[in-house]
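Comments concern the structure below.
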Amino acid sequence: MWGVALNCSIHEALSDADILRGFPVMHELRPHISCDEFLPRIRRQMDAGYRLAYAAQGEHVMAVAGFRFFEMLAWGRAMYVDDLVSTDQSRGMGFGSKLIDWLVELARNSGCDQFHLDSGVHRFAAHRFYLHKGMDITSHHFAMRLKQEGES
């Protein structure tokens, strides 16, 4: 069902150029963010501990993940994956799988007790993937929009 990504390398995006390389892929998950606002938003989030990694095949970015480390009474030290997406064309080819394996290993090596992510309730293929990767559905996430779309 999930392929083995050939010639896949994982990199952390540290430079502006590497961050921007991930925009077309991230835009598939977050279409409301324009290219012009992507880099400033990523940099602001990085100031608060956000990190960005990507899976590449040669020069082509195939999957992107945004993540952070934190500590909570409920979970102890944890990695939270804010964003995880592979290109529509590469879905099922193993790039997302390689990237999530890299993230889990980084979390373990960083002393995390747990690994977390949320997924929209309508993303059934993603849910099958996460269950296949050994994750469990452990809670419902509740949210309240405080600003209307377009409001600053």
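Those residues that are surrounded by 10 or more Cβ atoms within 10 Å (Cβ to Cβ) and hydrophobic (A, V, I, L, M, F, W, C), I need them from the range 99-124; list them, please.
99, 100, 102, 103, 104, 106, 107, 112, 115, 117, 124
Can you list the helices (runs of 4 or more DSSP H) found entirely within the range 5-59 that contain at least 2 residues being closer than 16 Å to residue 96 by Cβ?
It comes to 23-29.
Collect the residues in the range 63-79 that are within 19 Å of residue 43 (Cβ to Cβ) and either of a type outside the set (A, V, I, L, M, F, W, C) or in a loop (DSSP other than H, G, I, E, B) (or both), keeping them in residue-number order.
66, 68, listed by residue number.
Which pairs have Cβ atoms under 7 Å, sit 6 or more apart or on different chains, and link a residue in the range 89-115 that is farther than 17 Å from residue 54 by Cβ to one that is among the aliphatic types (A, V, I, L, M) and part of a helix (DSSP H, G or I)?
115/104; 115/107
Is it true that some residue in the range 52-60 is of a type in the set (Ser, Thr, Tyr), more than 23 Å from residue 141 (Cβ to Cβ), at pLDDT 95 or above and surrounded by fewer than 20 Cβ atoms within 10 Å (Cβ to Cβ)?
no
If you go through the range 96-109 one residue at a time, do you hit one that is polar (S, T, N, Q) and part of a loop (DSSP other than H, G, I, E, B)?
no
The values are calculated or read from the model by the stated rules, or taken from the named source; none is laboratory data. If you're wondering where the values come from, they're calculated on a predicted model, not measured in any experiment. All Cβ positions, even for glycine, are placed from backbone atoms using ideal geometry, and neighbour counts span all protein chains on display.
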